[in-house]
Amino acid sequence: MSRRLNYREAMREAMHEALVADPRVFLMGEDVGMYGGTYAFSKGFFAEFGPERIRDTPLSELGFVGAAIGAALGGMRPIVEVMTVNFSLLALDQIVNTAAAYRHMSGGQFSVPLVIRMTTGAGRQLAAQHSHSLEGWYAHIPGIRVLAPATIEDARGMLAPALADPDPVVIFEHAGLFNMEGDLADDWTVDIRSAKLRRVGTDVAIISHGGSLPKAMQAAEQLAAAGIEAEVVDLRVLRPLDTETIMASVAKCHRAIVVDEGWRTGSLAAEVMARIMENIFFELDAPVARVCSEEVPIPYARHLEEATLPQPEKIVAAVRRMLG
Amino acid sequence: MTDHHAAAPPAGPVPWEKDFALRLLGDMVRIRRMEEKSAEMYGAGKIRGFLHLYIGEEATAVGALHALSPEDNIVATYREHGHALVRGLDMGTIMAEMYGKREGCAHGRGGSMHLFDKATRLFGGNAIVGGGLPLAVGLGLAAKMQNENRITACFFGDGAVAEGAFHESLNLAALWKLPVLFCCENNLYGMGTALERSESQTDLCVKAASYNMPALRADGMDIVSVHETTQEAVARVRAGQGPVFVEYQTYRFRAHSMFDAELYRQKAEVEEWKTRGPIHTFSARLKAEGKLTEAEFLALDARANAEVDAAVAFAEAGTWEPIEDLLSDVHTPENAP
């Protein structure tokens, strides 16, 4: 059996479940309370759980993310909502220099059981300070786990294991997915370790995550109409990468293309490509390709924004070039 | 360059029983001897990286920490050897940490700037200036949400006052009425930049009070002033009225770190401040009151030196963590308690 819900409802349910299940869990961030959440993820929580556990913060990203780290060290299980990945840069010091490093520099004495959720990605004409995809930066940092739920199931299921993780977890929620609907099986299970095949194919492995996943799926459908069977790998966990699942898919298809909304230079896509080269170079029938964002701050005008981002057509074209 | 003239040396009666006074004096001497030895071991190449000595500022950590309870949380800076020692860390594990040995309090992963100890609730050793303040706010929040009767004392320097983290943290702590004691060790220089070259408002209590919290000032060279002021501040924080800010006006006798040629201050200024040295002025007051004899001072100094010798021996005998373990403690192991 299954039921239908959207991404936002799935994440809201996950937070609700966590708040009910564990008195140590609380949500903090800008406008998570009275306002109901910038994207309404916490609508109704303020009335249900009260201002202590649904804690509105001032516009102090560095301060409240750091405070969440301290609260985690003090025995709580905070969920911090950061409005966008761009704003998270104001808190980057606390995430990288404190949360990620704390266990190591204390010689293993202190773990930081913290979950940070943030919106990422473009596609809503929000221009260059609300639209970037910086999850690849976070995936660079030892000491944190980085998740990118791109399905209803993952939006519903990734939070609980993230909260159970004794170390910091950063969850990237692509704004383009919030209204996406899907069926959630009653017997769903979700881990925060593995990449998953979202489509089985034989001719080319399309490796993607987050907001690019539906685009990869659309591209795969278009390719199927032309007789090309693409396999689609959803990375899901951006750090640590599930290298095994990636390699199994590429070894089967002998061709791979990485789709990543981050900018090309120094991207997560580059890391995935490097791993393919390191591990299964001789399985490849063609150079690995990638479709990334163009190297420009995200523009406002719709046609320019669309031209900046990976699109199904670009993916299809890249696959066709690869197949010759 | 501006002269920062020292006030008259601390004087006046010591309102404490002899035992307590000697315990605090002893702790100041222990820090002094440990720091002198650390500098020596740095010169010998045994300690590397950055080494920030607390010499001259001992009264602040000793006087303040003796006003706190073992259940309280301590957040400190990279100039934290003294805080760690007074908090109860074994001097050997501190020295071993500075040596980079596995027996160090952070297994050699942190070094001089990152002394941590879960048992005594010492939450670092934070070497991003201002980085410890949001952490202290969160520890205070956790205590409040769990109805724990513990306060969090957060030490930081005058340099941190210029950071955005200072503004955000004091605002949050006051807004949420959290049990946090902000302990500002104002030694007049953020590394080599004098306070008046970095702050438009050099009266740090005025600045802190603007966040709607009490702001107290102590003479950081006078352990009596430090301890009494901190006690008053602790009582207010523990009463649940929210955070309190204390400024300790102190002075660093040594360079900022071992790489500092001290071009930014006059030698005469340092010498003038040394006349206010917290150890000799406190000793003189105790002697004048008949609470300390020269023999007693020599005895506690000898004990401190013996402790230092034992700490060095412990560090020397320590072992190097095997390189095979390099990646441990990046993440918590599975099934860890």
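Points to keep in mind about this one:
- Scanning segment A:41-72 for residues being surrounded by 16 or more Cβ atoms within 10 Å (Cβ to Cβ) and either touching a Pro at 6+ places or on another chain (Cβ under 7 Å) or of a type outside the set (D, E, K, R) (or both) gives a total of 19.
- Qualifying residue in segment B:95-106 (condition: in contact with a Cys (Cβ under 8 Å, 6 or more places away or on another chain), at pLDDT 95 or above, more than 19 Å from B:Ile31 (Cα to Cα) and more than 10 Å from chain A (Cβ to nearest Cβ)): no
- Being over 17 Å from A:His209 (Cα atoms), of a type outside the set (Phe, Trp, Tyr) and in contact with a Lys or Arg (Cβ under 9 Å, 6 or more places away or on another chain) is a property that A:Ala301 lacks.
- Within segment B:232-337, helices (runs of 4 or more DSSP H) holding 2 or more residues that are in contact (Cβ under 8 Å) with a residue 40 or more places away in the chain and under 30 Å from B:Ala209 (Cα atoms): B:267-274
- Residue under evaluation A:Gly37, criteria (1) farther than 16 Å from A:Glu173 by Cβ; (2) more than 14 Å from chain B (Cβ to nearest Cβ); (3) buried (at least 24 other Cβ atoms within 10 Å of the Cβ), criterion not met: (1)
- Where A:Pro299 falls short, out of the listed (1) assigned to a helix (DSSP H, G or I); (2) crowded, with 16+ Cβ neighbours inside 10 Å: (1)
- Only one of B:Ala39, B:Ala96 that is closer than 27 Å to B:Ser283 by Cα and in contact (Cβ under 8 Å) with a residue 40 or more places away in the chain: B:Ala39
- Residue in segment B:224-241 that is touching a Ser or Thr at 6+ places or on another chain (Cβ under 9 Å) and under 24 Å from B:Glu271 (Cβ atoms) present: yes
- Scoring A:Val250 on the criteria (1) more than 25 Å from A:Leu163 (Cα to Cα); (2) touching a Leu at 6+ places or on another chain (Cβ under 8 Å); (3) surrounded by fewer than 24 Cβ atoms within 10 Å (Cβ to Cβ) leaves a single failure, condition (3).
- Looking across A:Glu229, A:Glu261, one residue alone is in contact with a Gly (Cβ under 9 Å, 6 or more places away or on another chain), crowded, with 24+ Cβ neighbours inside 10 Å, at pLDDT 95 or above and not basic (Lys, Arg). It is A:Glu261.
- Residue check, B:Pro214 in contact with a Lys or Arg (Cβ under 8 Å, 6 or more places away or on another chain), surrounded by 24 or more Cβ atoms within 10 Å (Cβ to Cβ) and not charged (D, E, K, R): no
- Residue in segment B:282-290 that is within 14 Å of chain A (Cβ to nearest Cβ), among the polar types (S, T, N, Q) and buried (at least 16 other Cβ atoms within 10 Å of the Cβ) present: no
- Top-ranked residue in segment A:54-75 [being outside any strand (DSSP E or B) and more than 8 Å from chain B (Cβ to nearest Cβ); ranked as nearest to A:Ile171 (Cα to Cα)]: A:Glu61
- Filtered by the rule that a residue be assigned to a helix (DSSP H, G or I) and more than 12 Å from the chain's Cα centre (by Cα), segment B:40-75 gives B:Glu40, B:Met41, B:Tyr42, B:Gly43.
- Top-ranked residue of segment A:73-123 - restricted to ones that are of a type in the set (A, V, I, L, M) and surrounded by fewer than 20 Cβ atoms within 10 Å (Cβ to Cβ), ranked as farthest from B:Glu321 (Cα to Cα): A:Met83
- Pairs where the first residue, in segment A:303-324, is under 16 Å from A:Val232 (Cα atoms) and among the acidic types (Asp, Glu) and the second is at pLDDT 95 or above and part of a helix (DSSP H, G or I), C-beta under 7 Å, 6+ apart: none
- Screening A:Ser131 on (1) under 15 Å from the mean Cα position of the chain (by Cα); (2) at pLDDT 95 or above shows it passes everything except condition (2).
- For A:Pro166, the criteria (1) surrounded by fewer than 19 Cβ atoms within 10 Å (Cβ to Cβ); (2) out of contact with any Ser or Thr (no Cβ under 7 Å at 6 or more places or on another chain) hold in every case but one, which is (2).
- Filter result for B:Ala21 (closer than 18 Å to B:Gln231 by Cβ, among the small types (Gly, Ala, Ser), under 21 Å from the mean Cα position of the chain (by Cα) and at pLDDT 95 or above): yes
- Residue check, B:Leu135 surrounded by 24 or more Cβ atoms within 10 Å (Cβ to Cβ), in contact with a helix residue (DSSP H, G or I) (Cβ under 9 Å, 6 or more places away or on another chain), within 25 Å of B:Gly220 (Cβ to Cβ) and of a type in the set (A, V, I, L, M): yes
- Residue match in segment A:5-12 (condition: assigned to a helix (DSSP H, G or I) and either hydrophobic (A, V, I, L, M, F, W, C) or within 27 Å of B:Glu97 (Cβ to Cβ) (or both)): yes
For (1) in contact (Cβ under 8 Å) with a residue 60 or more places away in the chain; (2) at negative phi, each residue gets a yes or a no:
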| site | (1), (2) |
| --- | --- |
| A:Ala67 | no, yes |
| A:Gly75 | no, no |
| A:Asp93 | no, yes |
| A:Met105 | no, yes |
| A:Val112 | no, yes |
| A:Met118 | no, yes |
| A:His132 | yes, yes |
| A:Val146 | yes, yes |
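- Single match in A:Ser194, A:Ser208, A:Ser267 (criterion: surrounded by fewer than 19 Cβ atoms within 10 Å (Cβ to Cβ), within 21 Å of the chain's Cα centre (by Cα) and in contact (Cβ under 8 Å) with a residue 24 or more places away in the chain): A:Ser194
The values are calculated or read from the model by the stated rules, or taken from the named source; none is laboratory data. Bear in mind the structure is a predicted one, so any value in this text is a computation, not a measurement. Counting neighbours? That spans all protein chains shown, and the Cβs are built from the backbone with ideal geometry, glycine included.
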